[in-house]
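Just so it is clear, none of the values below were taken in a lab; they were calculated from the coordinates. All of these numbers come straight from a predicted model, not from anything done at the bench. Reconstructed Cβ throughout: ideal geometry from the backbone, glycine too, with neighbour counts over all protein chains shown.
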Amino acid sequence: MRDTLRWAYALNQWNVRLDVFVRHEEQQRALKTVSACGFDTIELASGTGRWDNISRPEVILANHGSHEGFLDFLRRAKVQGVSSIFWDPQAPTEEEEGYAFRSTANPGDSDAIVEWAEPFVDFLAGVGGEQLVVRPVGSAWMSPPLDPDGIKVVGDVWNRIGELTSAAGLGLALHYDCLGAVHTQEELVGLLDATDPATVGLALDTAEFTIGGIDPVAFYREHADRVTHVHLKDTRYADAGEEYRMPGAESTMLKGGAGRRIERWFYELGTEGGLVDVTGFVAALRERDFPGWVVVESDHGGNPAELAMLNSWYLQRELGVPKS
Amino acid sequence: MAWTKWSYMDHWVTETPQGPQPPSFNRAYMDRYVKQLSALGFTGFDTFFFYLPLYAGMYGGVPGFERFLQDNGFEKITGIFSAYPSATRYTAPHVRETHDRIVADCTNTLRMCEGLTGVENFIVMPTSTYHQSEPVTDDTIKVVADLWNRVGRLTLEHGMTTTCHFEFWGAIRTREQVDTFLEYTDPELVHFFCDTAQHTIAGVDPVQLFRDHSDRCTGFHFKDTKNVDEHEAYRTPPDPELMAPEVTRWFYEMGEGGLVDFPALMKEIVASGYDGWLTVEHDKAELGGGSYAEATAVAKWYIDNVLAEAEAEARAELEAAR
């Protein structure tokens, strides 16, 4: 995409299960799809184990030999580089103490989580990426509500990791999501206040904000100095109140297992009935000359190639971004 | 400057609440389909005659559908595909008694195209299946040629070129048969449409075929195959495309290790001076778990990168030779 904003595309929608998106030729097809849609930079999402060979740093390196080897693999499909990688330390993985369940909200887990961040920092720096995008805290339903002291504990972990990323020349962006224990705007601002603006930024995901009841345009205008990364996607629904607190909200809420039984929450840009003011949000980014990456996501949606093309259509036809 | 006249042949399957269906499932699915092709940069659209009434219903007429295409960056509907793959007692190109009916059908299709910007190709399968038409004799080819000469005159009156798309399982399939057919048809009325995969499967080199008949060629289906028919699959009744025992999937998108030498064809096209539409076709891309959307994106990537380079090299060679 040829624009003053820097556009990237997230690969997460292709890697929807443990045992898919493993063969290199399948990954090449996804990369070519992204490239044909006009994106030459991608965001990776972390995973675990031998099949997450385009997700987990150690496994990527085992597959491609080196950072340069991985970049050569991307460039075969005319994808030039990696903007960022997403990591959720709350998600259990083989590599992190053998599926240890740890949380940034638990002070006793802090040292381990800081240590777990190191492969991501090293990998991202090695491939020339810019932002380590992280889930700052686990789901709200899994723990008691966070008070200011609890938010400070979370903030302290990310301040420590922010020092690591900063020393490696990287940014650290806390990615708010609609299920997280930091849920309200007040809590989110509290978390930002508990972190060092010099080393810790915010990844603003337009759909997650909207579902969580935070207006992404207004929030950006008010806190643009802290927003260092963007995930751009749409939603047709907002949490009606306390849906995010339902036990097992990852399934009961986001997969329609209970409550209103909404089976799909995230949509491509331009979707019918979309709640996100995408054009208004992008206009706000332009007003502030947003310097970070704007990563378009087709997260938990449908056929990833279809969604990538529809997102590309929206950028070209509705946002006026030339493809090349 | 890279080739700008790339069109897309209207095969597509997408997931719907009623299972995998063509996007003609409803208007919303059609809109999404067109937007996806638009995002990739296609500017021409080829479709089947049997979709025209559906699109007319969705968009207030076939011209209304074309306007929707144009609102999304397309130039126009570029080709209409008509076919009688199965010979019946009503319609069979190798049976002269059915020709009046076929001509009447073509007339109806042409009527449905009234008001369009300018469809260029009226693409036809010249014959039905081989097994229904055999023995294929010189006389068989003459009868078929007579039909398409009639249709060619008719479409010309409507500004369209009748152009024949040969199937590997059709009655006219070998190089000799294609040459004979082109000899028996009027070069002013009947043209040749080069489907790279179909010819390759039939054991005919599409690059050489185009080289030899470039003056008659008015279009291409750029699609690939990984198999030449080595088991007389073309004679498999009732259908060789999906029921051949030895090959379960014949067609693939470009760039997936198939047999067709697309860069060579691209260079030949440039060298010939051909300046018409080049069409991407994916036929049965869903077989084996494939996706039309991804196949289309991958094919366009191949066009934008590999074929663009081949085209540039051919143009440079032409320039150097001047």
Amide H proximity to B:Phe192 below 5 Å, modelled H, separation 5+ or other chain, gives B:Cys164, B:Cys217, B:Thr218
Tabulate in residue order the Karplus-calculated ³J(HN,Hα) for the stretch A:217-231, using 6.51 cos²θ - 1.76 cosθ + 1.60 with θ = phi - 60°, rounded to whole Hz; enter x for Gly and Pro. 5, 5, 5, 4, 4, 7, 10, 4, 5, 9, 7, 10, 7, 10, 10
A:Thr252 neighbourhood, Cβ < 13 Å, K/R = +1, D/E = -1, net charge -1
Any aspartates and glutamates with Cα under 18 Å of the B:Lys267 Cα? List them, leaving off those in the same chain fewer than 8 positions away. B:Asp195, B:Asp205, B:Asp212, B:Asp215, B:Asp224, B:Asp275, B:Asp304, B:Glu309, B:Glu311, B:Glu313, B:Glu317, B:Glu319
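Going by how many other Cβ atoms sit within 10 Å of their own, how do B:Cys217, A:Cys37 line up, fewest first?
Listing B:Cys217, A:Cys37 from fewest to most nearby Cβ atoms yields B:Cys217, A:Cys37.
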D (Stokes-Einstein, µm²/s), Kirkwood Cα radius, the stretch B:59-217, 1.567 mPa s at 4 °C: 80 µm²/s
Considering only C-alpha atoms, what is the centroid distance from the stretch A:208-229 to the stretch A:3-38, in Å? 26 Å
Could you work out [θ]222 nm for the protein assembly as shown from helices alone, using -39500 (n - 2.57) per DSSP H run of at least four and dividing by all its residues? Round to the nearest 500 deg cm²/dmol. -11500 deg cm²/dmol
DSSP-assigned coil residues among GluC sites (Glu not before Pro) in the stretch A:282-324, each with at most 13 further Cβ atoms within 10 Å: A:Glu318
One quarter of the C-alpha convex hull surface, i.e. the mean projected area of the stretch A:58-108 in nm², amounts to 4.8 nm²
Once the in-chain neighbours fewer than 8 apart are removed, the lysines whose Cα is under 30 Å from A:Lys233 read A:Lys32, A:Lys78, A:Lys152, A:Lys255, A:Lys323, B:Lys35, B:Lys300
What relative contact order, as a whole-number percentage, does chain B give when Cα pairs under 8 Å and 6 or more residues apart are counted? 16 percent
Just want the ordering: A:Arg236, A:Arg135, from fewest to most Cβ atoms lying within 10 Å of their own Cβ. A:Arg236, A:Arg135
Partner shielding of A:27-35, as the mean number of partner chain Cβ atoms within 10 Å, equals 5
Measure out, as a whole number of angstrom, how far apart the alpha-carbon centroids of the stretch B:14-28 and the stretch B:165-191 sit. 36 Å
May I ask you to sort B:Ile141, A:Ile262 by Cβ crowding, counting other Cβ atoms within 10 Å and putting the fewest first? A:Ile262, B:Ile141
Provide the percentage of antiparallel DSSP beta bridges, counting only those with both residues in the protein assembly as shown; round to the nearest 5. 15 percent
Show the residues, 5+ positions off or on another chain, whose built amide H is closer than 5 Å to the amide H of B:Ser214. none
Taking the Cβ of B:Pro85 as the center, what net charge do the other residues with Cβ under 10 Å away carry, scoring Lys and Arg +1 and Asp and Glu -1? -3
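Take peptide A:314-321, look around each residue's Cβ out to 10 angstrom, count Cβ atoms belonging to other protein chains, and average those counts.
For peptide A:314-321, the averaged partner shielding equals 2.
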May I ask you to evaluate 6.51 cos²θ - 1.76 cosθ + 1.60, the Karplus curve with θ = phi - 60°, for each residue of the stretch A:145-155 and list the ³J(HN,Hα) values in order in whole Hz, giving x for glycine and proline? x, 7, 8, x, 5, x, 5, 5, 4, 4, x
In percent, how large is the relative contact order of chain A, given Cα pairs closer than 8 Å and 6 or more residues apart? 19 percent
The long-range amide H neighbours of A:His231, using H built 1.01 Å from N in the peptide plane and a cut-off of under 5 Å, are A:Leu204, A:Asp205, A:Thr206, A:Val295
Per-residue average of other protein chain Cβ atoms inside 10 Å, peptide B:37-43 -> 5
A:Thr279 versus B:Ser272: modelled label distance in nm, points set 7 Å from Cα along the beta carbon direction: 4.4 nm
Where the centroid of each part is defined by its Cα atoms, how far is the stretch B:200-240 from the stretch A:105-157 in Å? 58 Å
In Hz, Karplus ³J(HN,Hα) per residue of the stretch B:165-172 (6.51, -1.76, 1.60; θ = phi - 60°; x = Gly, Pro): 9, 8, 9, 5, 9, x, 5, 10
Rg over Rh of the stretch B:6-321, using C-alpha atoms and the Kirkwood radius, what does it come to? 0.94
What does the charge count near B:Ala314 come to, summing +1 for each Lys or Arg and -1 for each Asp or Glu among other residues with Cβ under 9 Å from its Cβ? -2
